[in-house]
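Trainee: I'd like to ask some things about the structure below.
The values are calculated or read from the model by the stated rules, or taken from the named source; none is laboratory data. Since the model is a prediction, treat every value here as computed from it, not as a measurement. Reconstructed Cβ throughout: ideal geometry from the backbone, glycine too, with neighbour counts over all protein chains shown.
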Amino acid sequence: MAILRTLLLTLSAAATVASADNLKPCLRQAVSKVAFAGDLLYQAVDVEVYNLDYPVTPAAVAFPTTAEEVSAIVKCAANNGYPVQAKSGGHSYGNYGLGGVDGAVAIDMKNFQQFSMNTTNWEAVIGSGTLLTDVTKRLHNAGGRAMSHGTSPQIGAGGHFTIGGLGPTARQFGMALDHVLEAQVVLANGSIVQASDTQNQDVFWAIKGAASGFGIVTEFKVRTEPEPGTAVQYEFSLKIGSTSERAALFKQWQAYVSNPDLTWKLASTLTLAIDSVIISGTYFGTKAEYDALDIGSQFPGANGSAVVFESWLGLVGEWAEEVALELGGGIPAHFYSKSTAMTAETLMSNETIDEFFEYVDNTAQGTLLWFLIFDFEGGYTNTIASDATSYAHRDALIWLQTYSINLLGDVTQTQIDFLDGVNDIATIDKAAYAAYPGYVDPRLSDGPEAYWGDNLPRLQKIKEEIDPNNVFRNPQSPSPAA
Ligand SMILES: Cc1cc2nc3c(=O)[nH]c(=O)nc-3n(C[C@H](O)[C@H](O)[C@H](O)COP(=O)(O)OP(=O)(O)OC[C@H]3O[C@@H](n4cnc5c(N)ncnc54)[C@H](O)[C@@H]3O)c2cc1C
Ligand SMILES: *[C@@H]1O[C@H](CO)[C@@H](O)[C@H](O)[C@H]1NC(C)=O
Ligand SMILES: *[C@@H]1O[C@H](CO)[C@@H](O)[C@H](O)[C@H]1NC(C)=O
Ligand SMILES: *[C@@H]1O[C@H](CO)[C@@H](O)[C@H](O)[C@H]1NC(C)=O
Ligand SMILES: *[C@@H]1O[C@H](CO)[C@@H](O)[C@H](O)[C@H]1NC(C)=O
């Protein structure tokens, strides 16, 4: 790291000679609030590591209030050879908003709370530091509007709208990043640009899927939808159950969701945990329409329930409670997570499903707090060409996210081996390994290939053009082509 920094120093700033590090005075000049490693309460108050398994200490955390300040901070870091990452909600699984490794300049975007709604075309401007809970409330208060995003309220727009943004309405409306029409971006040389389909198109393409390596988004302009009205939250559960009963329920679910004619108004997730298989999700429509689907007949062995929500805020609140039960929501923890995609062509065969459940039930898991979450995707999200944005995995029908928590300290090798084994079996039937760029897995050796697939070469070319010195980087961001 030190060697790389020295190299960059020499490369990027002939003026800066290899003299004393000018970062501190430069940042103090650039922004009114900035904290440095070694300051009192730095780690607890300014840094706020989310995944305790990856302790990281940035060289500095800056708290700008304007795009001009962001620009000045980026210039200070670039001229002194420091990597830069923005932190919006701080929910990266690898703490990449803090750089992912020691010594970065982190730019905390929490002051970027801009919001406005154009009530003619219902396009909204949203500051990148806005947390999803406030995105929901502000869109609601501005005329009963909504957009797709994930269910955890503490996620930041900055890291979420730029990496994907999967959630229960993605089958109907696309992912969060599919809503982005324009963004203001600070580039590696400090210039502040507007990016859209008509201005700085390469920048726009890159930030819709891979922004952390390309710039800092200060605000987004997004399309919105009318809030979904009545919705039904359903659940089918199998408690305990034998290995073959659990496998049978999974097969029934996979067969059901792989029907290409299934309505886009249905969201569905299958969660496998220590003592249960739970199929849950939302139907966006009336109870009568839901009943007409007769989902229960697909899962004869499971106990079913359905609750009707008339209010959008009530439904979003219910999702937040569910995710908090599993992943703890905003609370820092020691955890490890992996993801992989299954397309309609690479679903697990029935034999593989049997093998999968045998493995899960007969392997040391290392904790009681593990979850294997199969999210049904497809729909609108997959109607968009895979090279239309840098987010590449438009063919993912099911995303598997595996999650293992240790309340006592560092995640153990047993926990890691268990999740590796789960992923190995789930991917037996497929060719290229795909991982969701929003669930970063710092242990993945070919991260960029897995996150961006066929779009990686174009990302590297753009990187070479707009950030040749790799100012914006974390351990798994695309490197310049040359
Ligand atoms: C409990 C939990 C639940 C989750 N649920 C979902 C879900 O339902 N659906 C889903 O799709 N994902 C989900 N995620 C993953 C989440 O979308 C990603 O971790 C996302 O990147 C977090 O964004 P952030 O701003 O909170 O994180 P940060 O740690 O602040 O940032 C993450 C990455 O994005 C970059 N970044 C942040 N802000 C900006 C910016 N303004 N400009 C450019 N780059 C920026 C950072 O540099 C970093 O590399 C979940 C994560 C957690 C922890
Ligand atoms: C709102 O949208 C309308 C229709 O597209 C447009 O003419 C108008 O300029 C927008 N207003 C603002 C403030 O951007
Ligand atoms: C269904 O619920 C009943 C009552 O709580 C319980 O006894 C039974 O084991 C459950 N069945 C399944 C398949 O989980
Ligand atoms: C796999 O199992 C499901 C559910 O039991 C069944 O509907 C399907 O036909 C099976 N597939 C094959 C190829 O046997
Ligand atoms: C900054 O970088 C962008 C993208 O490469 C470029 O278009 C612009 O001219 C650069 N600005 C300056 C002042 O060098």
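Trainee: Got a sec? Which of K251, K265 is away from ligand 4 (no atom under 16 Å from the Cβ), in contact (Cβ under 8 Å) with a residue 60 or more places away in the chain and basic (K, R)?
Mentor: So the residue among K251, K265 that is away from ligand 4 (no atom under 16 Å from the Cβ), in contact (Cβ under 8 Å) with a residue 60 or more places away in the chain and basic (K, R) is K265.
Trainee: Here are some conditions: (1) modelled with pLDDT of 95 or more; (2) under 22 Å from M109 (Cα atoms). S152 meets all but one. Which one does it not meet?
Mentor: Checking S152 against (1) modelled with pLDDT of 95 or more; (2) under 22 Å from M109 (Cα atoms), the one that fails is (1).
Trainee: Another question about this same structure. Is it the case, given these coordinates, that G190 is surrounded by fewer than 22 Cβ atoms within 10 Å (Cβ to Cβ) and farther than 15 Å from I384 by Cβ?
Mentor: yes
Trainee: Take the residues in segment 140-149 that are in contact (Cβ under 8 Å) with a residue 40 or more places away in the chain and surrounded by fewer than 24 Cβ atoms within 10 Å (Cβ to Cβ), then tell me which one is farthest from ligand 5 (Cβ to nearest atom).
Mentor: Among those residues, the one meeting the criterion is G144.
Trainee: Listed residues D354, D375, D410; which is in contact (Cβ under 8 Å) with a residue 12 or more places away in the chain, loosely packed, with under 14 Cβ neighbours inside 10 Å and either of a type in the set (D, E) or closer than 26 Å to G453 by Cβ (or both)?
Mentor: D410
Trainee: Please enumerate the residues belonging to segment 241-259 that are farther than 12 Å from F376 by Cα and of a type outside the set (K, R).
Mentor: G241, S242, T243, S244, E245, A247, A248, L249, F250, Q252
Trainee: If you don't mind, there's one more thing I want to ask. Scan segment 259-279 and tell me whether some residue there is touching a Pro at 6+ places or on another chain (Cβ under 7 Å) and either more than 19 Å from L400 (Cβ to Cβ) or of a type in the set (A, V, I, L, M) (or both).
Mentor: yes
Trainee: Still on this structure, please answer the following. Quick one: which residue in I163, I216 is under 20 Å from A341 (Cβ atoms) and surrounded by 24 or more Cβ atoms within 10 Å (Cβ to Cβ)?
Mentor: I163
Trainee: Also: So how many residues does segment 116-133 have that are within 15 Å of ligand 1 (Cβ to nearest atom) and in contact with a helix residue (DSSP H, G or I) (Cβ under 8 Å, 6 or more places away or on another chain)?
Mentor: 8
Trainee: Pull up segment 27-67, narrow it to residues that are under 27 Å from the mean Cα position of the chain (by Cα) and charged (D, E, K, R), then point me to the one that is surrounded by the most Cβ atoms within 10 Å (Cβ to Cβ).
Mentor: Ranking the qualifying residues of segment 27-67, first place goes to D46.
Trainee: Additional query: Sort through I416, I405 and tell me the only one that's in contact (Cβ under 8 Å) with a residue 12 or more places away in the chain and within 18 Å of Q476 (Cβ to Cβ).
Mentor: None of the others qualify; the one that does is I416.
Trainee: Looking only at segment 109-126, how many residues end up being surrounded by 24 or more Cβ atoms within 10 Å (Cβ to Cβ) and closer than 18 Å to I73 by Cβ?
Mentor: Of the residues in that region, 2 qualify.
Listed here are the residues, each with its yes/no results for (1) within 16 Å of ligand 2 (Cβ to nearest atom); (2) at pLDDT below 95; (3) at positive phi; (4) not aliphatic (A, V, I, L, M).
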position: I416; (1), (2), (3), (4): no, no, no, no
position: A426; (1), (2), (3), (4): no, yes, no, no
position: A431; (1), (2), (3), (4): no, yes, no, no
position: Y436; (1), (2), (3), (4): no, no, no, yes
position: E449; (1), (2), (3), (4): no, no, no, yes
position: W452; (1), (2), (3), (4): no, no, no, yes
position: P457; (1), (2), (3), (4): no, no, no, yes
position: I462; (1), (2), (3), (4): no, no, no, no
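Trainee: Right, next: Looking at (1) of a type in the set (A, V, I, L, M); (2) out of contact with any Lys or Arg (no Cβ under 8 Å at 6 or more places or on another chain); (3) surrounded by fewer than 19 Cβ atoms within 10 Å (Cβ to Cβ); (4) touching a residue at least 12 places away in the same chain (Cβ under 8 Å), which one does A396 not meet, given that it meets all the others?
Mentor: (3)
Trainee: Also, I was wondering about something else. Go through the residues of segment 191-199 one by one and say whether even a single one is of a type outside the set (F, W, Y) and more than 24 Å from S71 (Cα to Cα).
Mentor: No: segment 191-199 contains no residue that is of a type outside the set (F, W, Y) and more than 24 Å from S71 (Cα to Cα).
Trainee: Restricting attention to strands (runs of 3 or more DSSP E) lying wholly within segment 82-150, give those where 3 or more residues are under 30 Å from G379 (Cβ atoms).
Mentor: In segment 82-150, the matching strands (runs of 3 or more DSSP E) lie at 115-118, 123-127.
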